[in-house]
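Report on the structure given below.
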Amino acid sequence: MKFCKKYEEYMEGQCQNKKLPRVGLKKLKKILKKCRKCHQSRSVVGLSADNNNVHDSSSCSQHQCSVCDGSFFPSLLKEMSEVVGSFNKRAQKLLELHLSSGFRKYLILLKEKIQGNHIALVQEGKDLVTYAIINAIAVRKILKKYDKIHYSKQGQAFKSQAQRMHVEILQSPWLSELMAFHINLRENKAKNGKALALFDGCFLVFNEGKPSLTCELFDSIKLDIDLTCSICLDTVFDPVSLTCGHIFCYICACKVASVTIVDGLQAANHKEKCPLCREEGVYESAVHLEELNILLSRSCPEYWKERLQTERVERLRLAKEHWESLCRAFMGV
């Protein structure tokens with residue numbers, strides 16, 4: 001069975017219970033089919049000068065394709081944005097439910113009308129992971145088809161652009177949170193035999209003392225997420241993911257963004273850049289990676305205990321400096 005048919009069957013099955021955004025593979029393939037027909041017509045007619053209104057796919061590596069670029073890339077970009085938005089929202093709700101307790105958990109269950117037991121949480125996590133993977137594959141395949149028809153690399157260039165615009169689903173910080181969520185659940189339930197897998201081959205690994213999340217996904221897709229803060233060069237503590245996808249310690253990110261821990265990253269100036277990719281405006285919507293924080297605290301207990309003590313001292317010092325500066329400003333000193 002071809003992937004397009006598998007994809008449509010999967011999305012139809014998912015949409016029976018919930019309306020989910022999707023990549024319009026059929027529509028995009030029709031656009032490319034029209035482009036291919038124009039190219040074939042070009043081959044038959046020949047390369048005469050008076051045939052300029054017919055699509056020339058040999059020039060697509062240097063110029064835009066007048067037949068399909070006006071609808072292909074805008075449509076795909078819109079669909080990718082909707083898919084990653086839906087994924088992020090659902091993953092956030094799931095992990096918020098898992099981490100909450102007491103009356104807050106009851107309110108979430110009542111509002112979202114979802115089950116809060118272990119099996120239901122794992123099943124929702126599996127659905128989310130499958131949704132992310134199959135849409136990532138759909139995008140990869142349609143861009144590969146675009147490049148094949150146009151003899152170009154514009155499809156790959158578009159993928160890079162999508163990553164910069166934060167609509168690449170495998171770049172989502174919520175996917176790394178789901179990976180940590182899976183490992184945490186697996187470790188919690190392994191003793192009583194109730195562990196269920198969200199991912200196949202998902203692990204927290206240490207290479208020369210440096211941790212990383214690694215996961216083998218479907219169709220040769222592999223994720224490797226480095227968990228070393230590039231600012232303090234240590235294992236990330238109280239990790240946050242910037243909108244560009246890079247992960248840092250919260251206190252390190254605050255220092256680089258020139259904000260206090262009291263004000264938080266949402267107070268960062270829009271012109272502040274990520275120290276790795278130098279992208280602007282990546283701090284305001286940073287995501288606290290709570291599941292990853294739990295996973296690392298369990299996996300590195302001695303380091304975590306030592307880091308927690310030093311972090312408390314540093315936070316108290318920074319908070320004291322912040323309030324003292326506010327008092328001096330208020331008094332006009």
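The values are calculated or read from the model by the stated rules, or taken from the named source; none is laboratory data. This one's a predicted model, so the numbers in the text were calculated from it and none came from an experiment. Quick reminder, even Gly has a Cβ in these numbers, built from the backbone with ideal geometry, and neighbours come from all protein chains shown. Surface accessibility is based on the protein's heavy atoms, side chains included, excluding ligands, DNA and RNA. Shrake-Rupley method; radii C 1.70, N 1.55, O 1.52, S 1.80 Å.
A full extension of the chain between residue 165 and residue 266 corresponds to an added length of 34.5 nm, given 0.36 nm per residue minus the alpha carbon distance. Couplings for segment 277-291, taken from phi via the Karplus curve 6.51 cos²θ - 1.76 cosθ + 1.60 with θ = phi - 60°, read 9, 6, 7, 8, x, 9, 9, 4, 10, 4, 10, 6, 8, 5, 5 Hz in order; Gly and Pro are left as x. Were the residues from residue 14 through residue 30 laid out at 0.36 nm apart, the gain over their Cα-Cα distance would be 3.4 nm. Alpha carbon centre of segment 267-333 versus segment 142-157: separation in Å? So the separation of the two Cα centres works out to 42 Å. Of the whole protein surface, residue 284 contributes about 60 Å² of accessible area at a 1.4 Å probe radius. Per-residue packing, averaged as other Cβ atoms within 10 Å, sorts the ranges 158-167, 230-239 into the order 230-239, 158-167, beginning with the highest.
Can you tell me how segment 217-333 classifies by the Cα gyration tensor, rounded, prolate or oblate, using a/c under 1.5 as the rounded cut? Because a/c hits 1.5 or more and a/b fails to exceed b/c, segment 217-333 counts as oblate.
Can you check what the net charge comes to around residue 280, using other residues whose Cβ is under 13 Å from the Cβ of residue 280 (Lys, Arg +1; Asp, Glu -1)? Neighbourhood net charge equals +1.
Karplus-based coupling profile of segment 222-237, in residue order and whole Hz: 10, 10, 10, 10, 6, 10, 9, 5, 6, 8, 8, 6, 10, 4, 4, 10, with θ = phi - 60° in 6.51 cos²θ - 1.76 cosθ + 1.60 and x standing for Gly or Pro. When the square roots of the Cα gyration tensor eigenvalues are ordered a ≥ b ≥ c, the ratio a/c for segment 283-333 is 1.5 or more and a/b does not exceed b/c, which makes its shape oblate. Solvent exposure of segment 114-167 amounts to 47 Å² per residue of accessible area, where only protein heavy atoms count and the probe is 1.4 Å.
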